[in-house]
Amino acid sequence: MPIQTLSAIFAALSDPTRLAIVERLLAGEATVTDLARPFALTQPAISRHLKVLEAAGLIETRIDGTARPRRIRPEALIPAADFLDRFRAILEARYARLDDLLAELATENSNEGPKE
Amino acid sequence: MKPLELKTVGDTKVVVTRQFPAPPEAVFRAHTEPRLLKKWMLGPEGWTMPVCICDPRPGGTMRFEWTDGKGNSFHLTGETIEIEPARRIVHVERMFLPDPTPDNHVETLFDPVAGGTLMTLTMTLPDAAIRQAMLASGTADGMEASYARLEGLLLGWT
């Protein structure tokens, strides 16, 4: 994934309204009217948010006659536990390298003399 | 050694704990000396940190730049807020992807324990949405971001 895309996703989800829209869409597809209702926002305001989410690849528009319901892109969904696991794996890899470095430092120190 | 623990606390914090079989002085040095930081604070295989500036004094700046040697790169800037040698680092940082991400306030504590050091890393983000985005982007303080690992990495709440 290009880093520009990552940046777009970050920007898209950093807004509380858009995060709430994504949470609502996780429960099932919804029209702009459905989405505008709980947020006390105008439809054009909601549409602007939807455009940002769509550009980031988080949601898509389905064409159903004259209706245009929005829905989550299934491939955009990774359970929260899963991304926490990935995050943990990233940190583990980093700290495993730090373990190696600390072992090297201990060797350097013991070569310099009887230090702790 | 206890394994790494990672948890979210409240609406805005992420807390990571990890033990190291080395004294706090050594773990602290590895977090503040550029020569050492460059060896471990890296992304996946193939990524290096050609620029590493770290001035661990209150108000001191930091700048880390990573590259995969194939034209992909990104960087982080930050400032040290408080520092207690071998004990505690408080700093703020943000990633440039290339637009800056919201400030991540980070406290790193090094506690002496039997056999080494218990490190407690507490990241505080401005709000729940930004924390979620940070975790989902896989970048945390961002240092480990990579195209490979982030492939397809988006998020859900279910």
Environment charge at A:Val52 (Cβ cut-off 9 Å; Lys +1, Arg +1, Asp -1, Glu -1): +1
Give the calculated FRET efficiency between A:Ala20 and A:Asp99 to the nearest 0.05, with a Förster radius of 35 Å applied to their Cβ-Cβ distance. 0.25
Quick one: if you stick a label point 7 Å off each Cα along the C-beta vector at B:Val51 and A:Arg68, how many nm between them? 4.2 nm
Amide hydrogen neighbours beyond the local backbone of A:Ala30, cut-off 5 Å, H modeled: A:Arg70
Phi-based couplings in Hz for the stretch B:114-128 (Karplus 6.51, -1.76, 1.60; Gly and Pro marked x): 4, x, x, 10, 9, 9, 10, 10, 10, 9, 10, 9, x, 7, 4
Rounded to a whole number of µm²/s, how large is the Stokes-Einstein D of the stretch B:65-107 at 20 °C and 1.002 mPa s, given Rh as the Kirkwood radius over C-alpha pairs? 183 µm²/s
Along Cα→Cβ, 7 Å out, is where each label goes; now give me the distance between the ones at A:Leu41 and B:Ile81 in nm to one decimal. 3.0 nm
Under 5 Å from the placed amide H of B:Val51, counting only residues 5+ away or on other chains, we find B:Glu65
Under 8 Å for C-alpha pairs, at least 6 residues apart: give me the relative contact order for the stretch B:1-130, rounded to a whole percent. 25 percent
For the stretch B:47-57, Karplus couplings with θ = phi - 60° (6.51, -1.76, 1.60), whole Hz, Gly/Pro x: 8, 10, 10, x, 10, 9, 10, 8, 10, x, 10
Total formal charge among the other residues, if their Cβ is under 13 angstrom from that of A:Leu35, Lys/Arg +1 and Asp/Glu -1: +4
In nm, the gap between the two label points placed 7 Å beyond Cα toward Cβ at A:Glu92 and B:Asp127 is 3.4 nm
Within the set of other residues whose C-beta is less than 14 Å from the C-beta of B:Arg87, count the net charge using Lys and Arg as +1 and Asp and Glu as -1. -3
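Read the figures in this text as sums done on the coordinates, not as results from a lab. Being a predicted model, the structure only gives us computed values, none of them experimental. In this analysis, Cβ positions are derived from the backbone assuming ideal geometry, glycine residues included, and neighbour counts consider all displayed protein chains.
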